[in-house]
Every structure is written in C-alpha cells, then in structure tokens.
Amino acid sequence: MKLCCIHCFSDEYLRRFVQENGQSGNCQYCGTQKTTTISTAVIGDFVRDKLICAYTRSTSDVGPYDSEDKVYLWGDPTDGLYAWEILLSEECVLSSRAWTDDSVAEKLAQDLVMDSGPDSRDIAQGADDWLGGDALLVLRNKFFGPQDTGFHEGWHGLKERLQRARFFDCPSHGESRAEILRPVLDLIEQATITLDAGTSLWRARRIYDDRPPPVGELKATEIGPAPPRLTNGKRMSPPGISYMYLASDGDTACAEVAWEHVDSRVWLGEFNLRSELKILDLTGKTAAYAGSIFSPTYDHSLRWAPQIMHGFANEISKPIEGTQEELEYVPTQVLSEYVRLFAGVNGIAYKSAKRATAVNYVLFCGRAPDHPGSWTAAAAVPFSDWMELGQLQDIRSAPPSAPAGSL
C-alpha cells in the first residue's frame with residue numbers, strides 16, 4: 001500500500017478528503033513525516049469518481065467519420081490527455097511539495113489512477129479500465145462547448161420568442177419569459193463588480209441650437225436622463241423607461257451620441273458616485289467559475305462560462321442601425337428588466353459599440369420624482385440619490401474654417 005499525504009495536494013477538496021479519511025503516517029512521495037496520510041487506492045477512488053463527472057473518452061465526443069474525406073465531422077479523437085496528465089496539467093491538483101521532483105509528481109498522479117482501478121483479474125473478466133488504460137480523455141462536451149448549455153438555449157430561445165413569435169408572457173402556451181431566462185440569469189448573476197464611491201462616469205447630450213448652457217441646479221437635470229414621455233427605446237430600456245446611460249470616459253460618451261462631425265455641439269457631464277454600486281458586468285471580463293471538479297457543488301456547464309460571457313458581451317453590444325433597432329433591442333430590454341427586478345444589482349456594464357475598449361453603463365435610476373414628467377409608483381431611484389454632477393462642459397466642434405473651442 002502506497003501512502004501520500006495532505007501536503008501532496010493543493011486542491012482544497014482533496015486535502016479535506018485526506019483530512020477526513022486519512023491517518024497518521026509518513027508520506028512516500030513528498031517525504032513529510034508524521035502527517036496525515038492516505039493510501040493512493042482510497043483517494044484514487046474519489047479522484048476517479050470526480051474525473052468521470054468532467055471528462056470522457058475523446059472517441060465518444062467526436063462527430064461521425066467521413067470515410068471519403070477521411071476526417072471526423074467535428075472533433076479529433078487524438079486530441080486528448082491521459083487521466084494522470086489531466087491531474088497534473090489541467091486540474092493542477094498537486095502541491096509544490098509533490099512537484100519538488102517532476103518524476104515524483106508524475107508517479108503520484110499515475111498511482112492515484114492505477115492503484116484505484118480494477119485489478120488484472122477484473123480486467124481479464126471484462127472490466128473496462130478506460131481511466132487507467134490508454135484511452136485519451138477530453139472535457140465532456142468539449143467539441144460543442146457553449147452551444148450545449150442551458151444558457152445558450154435560454155438566451156437564443158428568448159430572442160426567437162420575443163422577435164419572431166410573441167412579446168407577452170402567456171404561460172398557458174409554453175414557458176414564460178422568466179422560465180426561459182432562468183439559465184441565463186443563473187450564469188450572469190455571478191458576474192458582478194463594484195463601482196466605488198467617487199467613481200467618475202460620463203454622459204453626453206447633443207445640442208442642436210444656440211441655447212446657453214444650464215446653470216445652477218438645472219445643470220444636472222439637463223444633462224441627466226430624459227423624462228419618460230421623451231424617452232425613446234434604447235439598448236437596455238424600452239420607450240417610456242428613463243434610465244441613466246453613462247460611459248467610462250468623456251470621449252466614449254461623446255461617441256455614443258454620434259458627436260464626430262464638424263460644426264456640432266455637445267454638453268458633456270462628469271458624474272461622481274455618492275456610494276458604491278453593485279453592477280452586473282456583461283463586458284465579458286467577469287465570468288463565473290465552475291470550481292474544482294472535486295467540489296460537491298461542481299457545475300460542469302460553468303466550464304464554458306468565460307467563452308459564453310465573451311460571446312454574450314459581443315452580441316449585446318454589437319452596433320445596430322436604422323429600422324432594426326426596435327426589434328433587436330427587445331431581448332436586451334427584457335433581460336435588463338429581469339436583472340433589475342431579480343438580480344439585486346444597481347445597473348449593467350456592457351461594451352461600447354462605438355469604441356472597442358470602452359465600457360458603457362446603464363444604471364437603474366432616473367428623473368427625480370419632483371421633476372415634471374417623471375413617473376411615480378414604479379419609479380427607479382432618482383439619479384441624484386446615486387450621483388452628483390461634478391462638471392458640465394459645453395463643447396463645440398469647429399467648422400472647417402474655424403479653430404475648436406469649448407466653454
């Protein structure tokens with residue numbers, strides 16, 4: 001019987017398994033004396049059970065073979081690793097003590113797999129030791145990835161229903177929007193960030209006449225969100241819903257209102273947050289983590305979370321022009337409303353469609369209740385509760401024959 005120890009592992013769940021099932025002894029791998037040890041056969045059984053949850057034979061996850069072209073329609077059965085290699089390079093379960101010598105680390109990983117498998121008599125009687133044999137393994141659904149998840153089905157199912165079938169919830173005719181969105185929310189709710197108090201965000205407004213810049217308390221009102229009766233449908237809000245749209249910097253804010261031409265004018269406001277806000281990050285930079293395969297809460301679908309969030313971020317921020325806006329914005333408008341109601345966040349961050357590296361924000365706050373034209377019962381928080389205007393610039397781009405200037 002070979003003994004490894006708690007110090008051989010970096011994975012917290014393997015260490016916990018050793019702690020709960022081991023006994024005092026001397027480690028035959030990293031050399032630690034008088035520590036908590038366990039036989040490679042016992043912990044190897046646990047390792048095998050968990051590997052099966054996340055990995056499968058590479059030959060079972062490929063598409064049909066095209067004998068004429070001599071290729072598989074998808075996947076490559078030679079694109080895989082042995083189980084012991086996965087423990088070392090993919091799951092990275094061994095600690096620096098076990099890695100003091102590469103040969104020791106490889107021996108331990110191999111023993112974990114081989115010592116816990118069927119013996120030669122069992123194999124002779126037909127037992128299949130595909131984990132310990134010469135089979136190459138790949139992540140389950142490797143060749144399909146994000147397309148084979150509830151998130152993908154939920155988001156694209158919602159888009160199809162809203163854009164092609166029906167807009168309103170009719171539970172008697174199938175799943176409601178909330179049910180379809182549940183897999184989507186389960187993933188994106190974990191992608192949250194915090195904007196600290198004092199963070200500066202920018203908002204721009206195109207001005208088409210020669211009116212003087214606002215002064216006093218009117219400055220924040222005039223550069224803030226429009227009243228509901230004047231609010232058009234936007235990427236994250238339908239007509240009549242007044243949310244606060246901002247950008248991470250002034251240049252992006254100006255670009256979002258198409259201030260790129262000569263002889264034009266824009267008011268540019270810098271807002272500073274009064275307190276920290278919890279934001280759903282749909283820029284693709286934040287993603288849920290599936291966690292250790294040895295965790296009892298391991299969720300294999302989250303292995304694809306980074307890819308899913310990156311693709312989702314690109315989709316919801318893609319430029320949409322002309323007559324397609326009203327239709328294409330419906331899914332993100334519905335998503336935004338469900339996030340506001342059920343995700344416990346103050347807004348959403350998403351990639352700018354105008355500037356590749358910039359970020360836009362929609363905050364679930366709007367006109368102050370005492371302002372003419374504001375809504376009442378279902379109102380979002382007044383934007384002045386969350387932020388204050390720091391500065392307002394009146395910027396004019398110069399006609400071809402005159403120098404640029406600003407006030």
Worksheet entry | Pairs beyond 29 Å (Cα-Cα), from 142/234; 70/159; 285/354; 70/142 | 142/234; 70/159
Discussion item. What distance in nm lies between label points placed 7 Å from Cα along the C-beta direction at residue 156 and residue 285?
Written reply: 2.9 nm
Discussion item. If N is the number of residues in segment 3-143, what value comes out of its Cα radius of gyration divided by 2.2 N^0.38 Å?
Written reply: 1.19
Practice prompt. Work out the FRET efficiency for residue 218 and residue 189 from their Cβ-Cβ distance, taking R0 = 45 Å, and round it to the nearest 0.05.
Written response: 0.75
Practice prompt. Just check segment 45-123 against the gyration tensor rule for me: Cα atoms, a ≥ b ≥ c as the square roots of the eigenvalues, rounded for a/c under 1.5, and otherwise prolate or oblate depending on whether a/b exceeds b/c.
Written response: prolate
Practice prompt. Please report, largest first and rounded to whole Å, the three semi-axes of the ellipsoid equivalent to segment 208-288, where each semi-axis is the square root of five times an eigenvalue of the C-alpha gyration tensor.
Written response: 25, 17, 16
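None of the figures in this text is laboratory data; all of them are computed from the coordinates on show. All figures in this text were calculated on a predicted structure; none of them were measured in a lab. All Cβ positions, glycine included, derive from the backbone under ideal geometry; neighbour counts span all protein chains shown.
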